[in-house]
Amino acid sequence: MAYKITLIPGDGIGPEVSEATKRCIEATGIEIDWDIEIAGESAIKDYGTPLPEQTLESIRKNKIAIKGPVSTPVGTGFRSVNVEIRKQLDLYACLRPCKSYEGVRSYYKNIDLVVVRENTEDLYAGIEFKKGTKEAEAIIKKIEELSKSKIRKDSGISIKPISVTATERIVKFAFEYAIKNKRRKVTAVHKANIMKHTDGLFLEVSREVAKKYAGKMEFEDRIVDNMCMQLVQKPQDYDVLVLPNLYGDIISDLCAGLAGGLGVAAGANIGDGIALFEATHGSAPKYAGKNKVNPIAMILSGVLMLRYLGEEKRADKLERAVADIIKEGKFVTYDLKAKRDDPTAVGTSEMADAIIKKIAGSR
Ligand code: NAD
């Protein structure tokens, strides 16, 4: 029976990389009944909102979606369409595998890290008070009363909630992912020495969850500043990292950089029984419609989707074809060539064609 999957092509380069991804996924032989929905700038014209209810409903119903990047239009009341989708569907885990592929230019070789970032709270909860407002004044007064510490009157305030509930589920997610994918260790990352009641809680709960996996998966923790240095100096010592939202955002870009950058950075946002796959990069409007950009990050997000569906053989086939094409370095987009103005660089759809041909050849 065919899988029913929501596909959101997105804005800017989104439709091109989405089409390339759809064709490459289909080339593995999987049967998918695509439910194509819109979000972002492209949705405003028809629906008057960048995030139509129909799109959310389709993801809720199908429980699985893949999405091209969307631009966040200015002045629509949304901080970010992406953040709103994650919030509405409670996609609490952001998964970012960062892996070296031979042929991708990077200072590092053999990077194989997985970043698991908590997606719903921390300083990204969106609870903020603008400097000089009545609300900021009131919150400053209350905090001074309760904490007996002074806050400058001309301060802006952002609140950092970290809960047992959200920490338990994200750390459990990291362990379950590590076991299912035969990884060797989980590292919890925090700043518990300074922020005892938020990062301290994150560490304490991580240790409690880790006890349940003792003997099945190794566990350790690192302070976030030390983690940054260690990742730059000896990334091979690390495997699956689990982090609160803000550190997760920063460290996932650091790890993507170690592995070769945005062109190959795949990702997923996952909740209980529901998942949305998408590349890390944005809609790069200046390249829209030019058939120029690299489709690999979204295709590798498709590989993650196939693994999530339990379609391991098809996922392996697609990932191998991608790896071979990058390694051969012939049918690749400009960003994967030694010189960005290399006239032999191919376009988005031609790179997809080469991957599809490779898959066909591996049958
Ligand atoms: P961006 O990732 O779109 O582009 C930055 C630069 O990275 C581009 O100019 C291009 O040089 C390069 N690049 C990006 N993707 C590439 C690819 N596949 N192949 C080759 N080169 C690539 O980031 P931005 O300019 O900060 O954001 C543009 C828009 O995208 C904004 O509206 C932003 O809100 C949105 N955005 C969306 C998502 C998402 O949907 N998940 C993520 C990030 C940004």
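The values are calculated or read from the model by the stated rules, or taken from the named source; none is laboratory data. Bear in mind that the values here come from a model prediction, so they are computed numbers and not experimental data. All Cβ positions, glycine included, derive from the backbone under ideal geometry; neighbour counts span all protein chains shown.
Things worth noting here:
- Any hit, the stretch 300-319, residues being more than 19 Å from GLU26 (Cβ to Cβ) and either modelled with pLDDT of 95 or more or under 21 Å from the mean Cα position of the chain (by Cα) (or both): no
- Looking only at residues in the stretch 323-363 that are among the β-branched types (Val, Ile, Thr) and part of a loop (DSSP other than H, G, I, E, B), the one that is nearest to LEU262 (Cα to Cα) is THR333.
- Verdict on GLU16 being out of contact with any His (no Cβ under 6 Å at 6 or more places or on another chain), among the charged types (D, E, K, R), buried (at least 23 other Cβ atoms within 10 Å of the Cβ) and touching a residue at least 12 places away in the same chain (Cβ under 8 Å): yes
- Residues within the stretch 299-327 that are within 16 Å of the ligand (Cβ to nearest atom) and over 21 Å from VAL115 (Cα atoms), tallied: 3
- Residue under evaluation LEU203, criteria (1) within 24 Å of GLU312 (Cβ to Cβ); (2) in contact with a His (Cβ under 6 Å, 6 or more places away or on another chain), criterion not met: (1)
- The set of residues in the stretch 253-311 that are touching a Leu at 6+ places or on another chain (Cβ under 9 Å) and assigned to a strand (DSSP E or B) comprises ALA268, ASN269, ILE270, GLY271, ILE274, ALA275, LEU276, PHE277.
- Of all residues in the stretch 111-132, those that are more than 26 Å from SER301 (Cα to Cα) have Cβ atoms under 6 Å from Cβ atoms of residues that are of a type in the set (A, V, I, L, M) and in a loop (DSSP other than H, G, I, E, B), 6 or more apart or on another chain, in ILE127/ILE159.
- Some residue of the stretch 15-24 being at pLDDT below 95, within 20 Å of the chain's Cα centre (by Cα) and within 13 Å of the ligand (Cβ to nearest atom): no
- Candidates are the residues of the stretch 50-71 that are part of a helix (DSSP H, G or I) and within 16 Å of the ligand (Cβ to nearest atom); the one that is surrounded by the most Cβ atoms within 10 Å (Cβ to Cβ) is THR55.
- Scan of the stretch 41-76 for residues that are more than 21 Å from the chain's Cα centre (by Cα) and among the polar types (S, T, N, Q), ordered by number: SER42, THR49, GLN54, THR76
- Residues that are within 8 Å of the ligand (Cβ to nearest atom) and basic (Lys, Arg) were ranked within the stretch 260-298; the one that is surrounded by the fewest Cβ atoms within 10 Å (Cβ to Cβ) is LYS286.
- Pair list, Cβ < 7 Å and 6+ apart or interchain, from the stretch 331-346 residues that are under 23 Å from LYS358 (Cα atoms) to residues that are within 10 Å of the ligand (Cβ to nearest atom) and charged (D, E, K, R): THR333/LYS292; TYR334/LYS292; TYR334/ARG340
- Residue within the stretch 111-125 that is surrounded by fewer than 18 Cβ atoms within 10 Å (Cβ to Cβ) and either in a loop (DSSP other than H, G, I, E, B) or of a type in the set (S, T, N, Q) (or both) present: no
- Taking each residue of the stretch 57-78 that is modelled with pLDDT of 95 or more and looking for partners that are acidic (Asp, Glu) and away from the ligand (no atom under 16 Å from the Cβ) with beta-carbon atoms closer than 7 Å, six or more apart or interchain, yields SER58/ASP35; ASN62/ASP35.
- Test: residue in the stretch 22-35 that is over 26 Å from GLU312 (Cα atoms) and crowded, with 16+ Cβ neighbours inside 10 Å: no
- Remark: LEU51 falls outside the filter, which requires a residue to be within 30 Å of ASP239 (Cβ to Cβ) and either in the same structural domain as GLY361 (by TED's automatic domain parsing) or among the hydroxyl-bearing types (Ser, Thr, Tyr) (or both).
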